[in-house]
Protein chains: 2
Amino acid sequence: MLRQSTLDQLSQIVGPGNLLTTREDLAAYAYDATPRMGRLPDAVVKPGTTEEVSRILQMANREGFKVVPRGAGTNLSGGTVPIQGGVVMQLTRLNRVLEVDTENLTALVEPGVITSDLHATVEAIGLFYPPDPGSMTVSTMGGNVAENAGGLRGLKYGVTKDYVIGMEVVLPTGEVITTGGKTVKNVTGYDLTKLMVGSEGTLGVITKILVRLIPKPEAKKTMLVFYRSLDDAAQTVSAIIANRVIPPTLEFLDNVTIRCVEQYIHAGLPLDMEAMLLIEVDGPRSVVEEDSSKVLQVCREHHAAEIQVAETAEDSLRLATGRRAALPALARIKPTMVLEDATVPRSQVAAMVRKIQGIAEKYDLLIGTFGHAGDGNLHPTILCDERDTELMERVDEAVDEMFRAALELGGTLSGEHGIGLAKAPYMPLELKDAGMKAMIAIKKALDPNNILNPGKMYIDQYAGWQPTGNGHGDAPPSSTHHSSPITHDSPVATEAR
Amino acid sequence: MLRQSTLDQLSQIVGPGNLLTTREDLAAYAYDATPRMGRLPDAVVKPGTTEEVSRILQMANREGFKVVPRGAGTNLSGGTVPIQGGVVMQLTRLNRVLEVDTENLTALVEPGVITSDLHATVEAIGLFYPPDPGSMTVSTMGGNVAENAGGLRGLKYGVTKDYVIGMEVVLPTGEVITTGGKTVKNVTGYDLTKLMVGSEGTLGVITKILVRLIPKPEAKKTMLVFYRSLDDAAQTVSAIIANRVIPPTLEFLDNVTIRCVEQYIHAGLPLDMEAMLLIEVDGPRSVVEEDSSKVLQVCREHHAAEIQVAETAEDSLRLATGRRAALPALARIKPTMVLEDATVPRSQVAAMVRKIQGIAEKYDLLIGTFGHAGDGNLHPTILCDERDTELMERVDEAVDEMFRAALELGGTLSGEHGIGLAKAPYMPLELKDAGMKAMIAIKKALDPNNILNPGKMYIDQYAGWQPTGNGHGDAPPSSTHHSSPITHDSPVATEAR
């Protein structure tokens, strides 16, 4: 609980209409898109300016409450769950595209801008902002930057980090800094821009984002290819790259996912196939023709059982529907869906898919796997029911094994969803002791009072920091504030849902 | 001076053949490629393994001596000058290309690998590592990464940072961490990889570098274009981009530079032109044809006075000679050359060139300006004589004005040469107080004893840290160790040169 005087001050800063405190209002901010994780905040503030953000953070340091920055709450790793209570800082009021500079090919946006709105704005004038996370029609640029969001075009175009070249950011202490700038080249000081990208709201609150843009590709071509054998599909992926074609999109669906999608959208997908690849090439028209011929030849050489090629823009959209529908199609099968994003080097995709299939068998689980085969970023998705305790224990064990398998294959815990709470305990497995300590040292350097988004990325736990942010700088934390970082069995979670 | 016991221990770690202590040997490590800055180290060590690097850094923390990591010493901002004495750590023994992974398109190299050797290795199998700093035939990958080196292809391909996706790095305390990995997507923890890139040897000693590669462009075309008017040249640059062509190379030479180059290489360059542009487009053959036609049309529309187009690879090399010769051509005019790399947004290139010309007039200086017009990274080069005190005072004032002009135009102090000593005092002008403090906090977090490359990037000065690293952890520093960070008039500099 926050003191009334604290709430009064917050209300003065943001205006009474931008402070939420009723249980009904707070309940909406107890969760993000991650299942099984929740915690009621003590208040929600919606600042409208950088200065308001700064004043709130200064106050938080003075009074000792925690602040969890949040955009649209589409996070898939529990990153915006206010696990230690305190204040959720909702940044969606800062939602202007401040500038599109067509000469320097940059855009300056506020964190609340919806990603697909930025796409539409720049594409209307022939420019292109490539990152396209699955949630792009809802998610905000601030959230994308804080999580270093990926998407379907990572293989050719990279991820959010590759486009952010500057920002205005309020440090945890309330100080405002501006990093980077409109130049492609900038080596003045440490790269705080890229440090902030992907820091999951633990190092600063981003209030302005400068991204670079590229010319919009002239043309694209979409191909949908089915395989009876998983190995053939995997070898197709490698062979395409070996032929020096780097498609922006090279997506994979396994048999479980194909079946769920077909059940959902009735598009006539063949149900007996081991793998589906959605391949898109783009660029100048001549290159698209050349590259798509190469791709189709490679597919045939690797025993593709069925190939569909889009001839029109509508065709293209239709072919992509199956891939875009994968997540909702899986989600409707069971009450709970545990979606992971363990990522392996491209050459290990087939090995990883096989490991996942083995794990599904071992724990008797229904797992659909889809994802970005081109960049090794797979989404094994366990279909389950959180009310079934015995089942969920098997799910947790399976997830544990998947993380270990990804690391063994030279991969990483998270390709694009972030660590947040969901993958927090596995951090030391990948970063080792020295890596964790370096990270904690940086966190401590910029956020000495551990104000911003505490309890995430295993930082607090590894550093041995106790949760103290309950709004009473001087009072001992109440027992409900001592909830475990992963609240599988937290009463608050069930209560507030 | 280091204690004899310290030298004995260092000798034990690296072997007696890899420890230099004679004045003659040390003199070679007192300087890098930056004029007017030098300081004799107390010793030079050449470790041959990561473990040796780690042991030396642990020892440095125990005994309180400074360590300056160094590759080929081609630094242009005094970044490898051992300004507080101590040990120069020469990393060129670690010079193996450990792996080129053709399936995942990555290369793993040690820091001592020469940049152009990596180019040759990967291009021989149809792959491409784009960063090409001017010194690439001499400079090392470790130095490139530590400085985030740029080059001629920044506009289309970005800089070193855009290709480094992982590393092994020994932290200042001697702990070894591994960051990133072979996956394009990786959001596990803070991005220590990008934090290390461009940190100028102040946050860690890089012992392995993982870079991503791309397919080698199929073809390229080189064009050399001369203009009677600077504005026409600048407008050509903007118009090319507005036509959605992003050439890898879009280089500029002003009249002073054209004249110096012609005097040097006798290539028949026209001496009455205000500006020369070297433009290269690359990609699939069909795209190169299309893009070069567009470029040539834009050049004609903007009153190009003379256009040469390379029809063969030899022609292409010949046309690029003038640009590649710019630096040596300017260097031979006067005894001293002060080379800067202030960088502005592309749209401000003409304004910046005009400011530089105004500054040359105001201070009665000969300044040749060339550089990367496409990414706004200009190299105003003052031709002078360091023995002429009065002249050098004017040079310093001119440099000061140039930095301020770049910042006023929305640019940055350094596009690719680094801050080091040369631009150190200007850091607060760009980063402001809050930015400097954030940087110092990170430095302190990772290097609590200020062991690694002290006195650089204005960190020590702004933090109020006193130089103490003289090899005697307990003895007071001798007066010669108190030399100003910019040793224009340091007796050591003149003495050791």
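Computed from the coordinates by the stated procedures, all read-outs in this text should not be read as laboratory data. As the structure is a computational prediction, the values presented were derived from the model and not from experiment. Neighbour counts are summed over all protein chains in view; Cβ atoms, including those assigned to glycine, are modelled from backbone coordinates with ideal geometry.
Label-point distances for A:SER11 to the equivalent site in the other copies, using a point 7 angstrom along Cα→C-beta, read 7.7 nm when ranked shortest first. One quarter of the surface of the convex hull around the alpha-carbon atoms of the stretch B:234-303 equals 5.1 nm², the direction-averaged projected area. Were the residues from B:ASP117 through B:ASP272 laid out at 0.36 nm apart, the gain over their Cα-Cα distance would be 51.9 nm. Specify the inter-centroid distance of the stretch A:289-352 and the stretch B:208-233, based on alpha-carbon positions, in whole Å. Computed from Cα coordinates, the inter-centre distance equals 35 Å.
Measuring spread by the Cα atoms of the stretch A:122-202 yields a radius of gyration and Dmax of 13.5, 40 Å.
Modelled this way, with points 7 Å down the Cα-to-C-beta line, the labels at A:SER11 and A:ASP315 are 6.2 nm from one another. Among A:GLN90, A:VAL113, A:VAL100, whose Cα sits farthest toward the positive end of the charge dipole of the stretch A:83-123 (+1 at Cβ of Lys/Arg, -1 at Cβ of Asp/Glu, about the Cα centre)? So the residue furthest toward the plus end is A:GLN90.
For the stretch A:301-454, the Kirkwood radius over C-alpha pairs fed into Stokes-Einstein at 4 °C and 1.567 mPa s yields D = 73 µm² per second. Summary of the geometry: the stretch B:79-119 and the stretch B:1-77, compared by the centres of their Cα atoms, lie 17 Å apart.
Within the set A:LYS423/B:LYS185; A:LYS208/B:LYS185; A:LYS46/B:LYS185; A:LYS194/B:LYS66; B:LYS182/B:LYS437; A:LYS161/B:LYS423, which residue pairs have Cα atoms separated by over 22 Å? Check vs 22 Å cut-off fails for A:LYS208/B:LYS185; A:LYS46/B:LYS185; A:LYS194/B:LYS66; B:LYS182/B:LYS437; A:LYS161/B:LYS423. When the Kirkwood radius is taken over all Cα pairs of the stretch A:150-243, what Stokes-Einstein diffusion coefficient follows at 10 °C and 1.306 mPa s, in µm²/s? The estimated diffusion coefficient comes to 96 µm²/s.
The string of couplings for the stretch A:241-250 from the Karplus curve (6.51, -1.76, 1.60, θ = phi - 60°) is 5, 4, 7, 6, 9, 10, x, x, 10, 8 Hz, one whole number per residue in order, with x for Gly and Pro.
Across the stretch B:356-361, computed HN-Hα scalar couplings (Karplus, 6.51 cos²θ - 1.76 cosθ + 1.60, θ = phi - 60°) run 4, 4, x, 5, 4, 5 Hz from first to last residue, x flagging Gly and Pro. Judged by the mean number of other Cβ atoms found within 10 Å, the most tightly packed of the peptides A:333-345, A:408-420, A:350-362 leads the ranking A:408-420, A:333-345, A:350-362.
Counting from the shortest, the label point at A:VAL309, 7 Å from Cα toward Cβ, is 3.1 nm from the same position in each remaining copy. Close amide-amide hydrogen proximity is noted between A:THR369 and A:ASP254, A:VAL256, A:THR257, A:THR381, each under 5 Å apart and 5 or more residues distant or on a separate chain (H modeled in the peptide plane; Pro and chain starts excluded). Averaged over peptide A:99-107, the number of partner chain Cβ atoms lying within 10 Å of each residue's Cβ comes to 4. Over all projection directions, the Cα-based convex hull of the stretch A:79-230 averages an area of 11.8 nm². Candidates A:ALA325, A:THR236, A:PRO130 compared by Cα position along the dipole of chain A: farthest toward the positive end lies A:PRO130, with charges placed on Cβ.
Rg and Dmax, both from the Cα atoms of the stretch B:8-76 and both in Å, are 12.5, 35. Calculated translational diffusion coefficient of chain A (25 °C, 0.890 mPa s; Stokes-Einstein with Kirkwood radius over alpha-carbon pairs) equals 105 µm²/s. The Rg/Rh ratio for the stretch B:264-352, using Cα coordinates for both the radius of gyration and the Kirkwood hydrodynamic radius, is 0.99. Computed over the protein assembly as shown, the percent of Cα pairs more than 59 Å apart is 9. Both radii are taken from the alpha-carbon atoms of the stretch B:363-427; with Rh as the Kirkwood radius, Rg/Rh is 0.96. Normalised size of the stretch A:1-140, defined as Cα radius of gyration per 2.2 N^0.38 Å with N residues, equals 1.16.
3J(HN,Hα) along the stretch A:403-419, derived from phi through the Karplus expression 6.51 cos²θ - 1.76 cosθ + 1.60 where θ = phi - 60°, amounts to 4, 5, 5, 4, 5, 4, 8, x, x, 9, 4, 9, x, 7, 8, x, 8 Hz, with x in place of Gly and Pro.
When A:ARG354 is represented by a point 7 angstrom out along its Cα-to-C-beta vector, the spacings to that point in the other copies are 6.6 nm, nearest first. Dipole magnitude for chain B: about 780 debye, using +1 per Lys or Arg Cβ and -1 per Asp or Glu Cβ, origin at the Cα centre. Counting only other chain Cβ atoms within 10 Å of each residue's Cβ, the peptide A:344-354 averages 3.
Computed about the Cα centre, the dipole magnitude for the stretch A:1-84 is approximately 220 debye when only Lys and Arg (+1) and Asp and Glu (-1) carry charge, each at its Cβ. For peptide B:169-178, the mean count of partner chain Cβ atoms within 10 Å of a residue's Cβ comes to 4. For the protein assembly as shown, the Cβ-based charge dipole about the Cα centre amounts to some 720 debye (Lys, Arg positive; Asp, Glu negative; other atoms uncharged).
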